[in-house]
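Notes to accompany the following structure.
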Amino acid sequence: MNASLERVLTANPHTADATVDPLTAENATVTRSDAAQTPTTPGRISREALPSASELREQLPVDAALAGQIRQHRDEINAILAGDDDRLLVVVGPCSIHDLKAAREYAQRLAVIEPQVRDRLKLVMRVYVEKPRTTVGWKGLAYDPHLDGSDDMATGLRQARELMREINLLGLPVATELLQPLTAAYLEDLLGWAAIGARTTESQIHREMASGLGCAVGFKNGTDGGVEVAVQAIGAAAHGHRHFGMDDSGRPALIETAGNPHTHVVLRGGHGQPNYDAASVAACRRELEGAGLTPRLMVDCSHANSRKDHRRQSEVMLDVLSQRLAGDDALIGVMLESHLNEGKQSLPAAEKLSQLRHGVSVTDACLGWETTEHLLSLAAERLREA
């Protein structure tokens, strides 16, 4: 146990029986409340009990060997952010996970190519199990794993944790967007990198959560394309916080965090306009430096940067690569939306789910595997030649 955590536990006896994640203990401590559970509110609200994070972790544990592997991945990613590792960080994978079989097949393919490019690229598999919605729609594997509106969240959380654990066991670090703070406790010990999305970067709750995570966190610029909210988020997450939360047993708790120094901006464009070009990157760099922050930027090659045309992701990545090779060391990574097969498909009615095409996204359109493999190999080769 590190000294700062030991001081908090000693000073506050209420923390004595709290569950502490060994992978995040340096960043967050938990004070548990013994308050009685509030009765169900009558009316339009109903509640169904879910397993606690500690219960799910016991069922699908991270042993010492796997914890060490995850910590090694985190250290390598942090070294890239610090400028001590000159590899390019590449977060790549499906826009969202809806088919476990396809996700496992994708992970197996990525695990094959990873040793071939690891000297120049640090590959992290995108395993997004929550999806933000502008209005309504399918919210992701964690919410609705059966794709039929049944919202079997207990199964969704279990499947999400099981999949992330399997991918880590393949030797690949895992990335996800943390959308609902309550789900973070179920998954955070398996993460090598996490994103806070454009819709939630401005949220105080998400900044507080990020300040206690043991992995690096990328804050996306706002949906309007402005980077100020992401810059502010980085500054906020770097500081320690005390905030309301839940312990791993699902009880109300006062969470105390030490701050997360491993944060950065993710440029994703906005309002249909890209911001991966050299001028936009330079402007973001100036804003970070003006705030006293180290300029570390990742470019999301999809969304507004690709003008919502998945095929343009290759163009965006190659442009970023050219900027990097021209000497812009603030550009530390890219994100790619990629699946087994190109494009996307609409989610059909429950009785027609058997018609879904294997390995095709049901959310944003993705690059196909062949294009992805070529792009990763090309990027590694160009970086070797530099």
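All of the numbers you see were taken from the coordinates with simple rules; none came from a lab. Remember, it's a predicted structure, so these values are computed and weren't measured experimentally. Cβ: placed from backbone, ideal geometry, glycine included. Neighbour counts: every protein chain shown.
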Charge-dipole axis of segment 254-381 as Lys and Arg at +1 and Asp and Glu at -1 on Cβ define it, positive-most pick from Thr363, Val281, Gly259: Thr363
Calculated FRET efficiency for the pair Gln180/His374, C-beta based, R₀ 56 Å, to 0.05: 0.95
Partners for Lys131 among lysines (Cα-Cα distance below 20 Å; same-chain residues under 8 apart left out): Lys101, Lys139, Lys220, Lys308, Lys344
Value in Å of the Kirkwood radius, where segment 147-306 supplies the Cα pairs that are averaged: 16.6
Which of Val91, Val229 has the fewest Cβ neighbours within 10 Å, and the rest in rising order: Val229, Val91
Value at 222 nm in deg cm²/dmol, rounded to 500, when DSSP H runs of n ≥ 4 in the chain each add -39,500 (n - 2.57): -11000 deg cm²/dmol
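Cβ under 10 Å from Gly83's Cβ, Gly83 left aside: what net charge do those residues give with Lys, Arg +1 and Asp, Glu -1?
Values: positive: Arg296; negative: Asp84, Asp85, Asp86, Asp329.
Its environment carries a net charge of -3.
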Using θ = phi - 60° and Karplus 6.51 cos²θ - 1.76 cosθ + 1.60, couplings along segment 274-282 (whole Hz; Gly, Pro as x): x, 9, 9, 5, 4, 5, 5, 5, 5
Built amide H within the under 5 Å cut-off of Ser338, gap 5+: Gly93, Cys95, Leu367
Other-chain or far-sequence residues with amide H under 5 Å of Lys344's (modelled H): Cys366
Order of Thr294, Thr223 under a 10 Å beta carbon neighbour criterion, fewest first: Thr294, Thr223
The chain, dipole about Cα centre (Lys/Arg Cβ +1, Asp/Glu Cβ -1), debye to the nearest 20: 580
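Would you mind getting me the FRET efficiency between Gln116 and Arg47? Use the beta-carbon distance for r and R0 = 56 Å, nearest 0.05.
Calculated transfer efficiency: 0.70.
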Modelled FRET efficiency - R0 41 Å, Asp328 with Thr134, Cβ distances, 0.05 increments: 0.80
Length-normalised contact order for segment 72-385 - Cα pairs under 8 Å, 6+ apart - percent: 17
Separation of alpha-carbon centers, segment 186-254 and segment 309-332, rounded to whole Å: 26
Percent of alpha-carbon pairs separated by more than 30 Å within the chain: 37
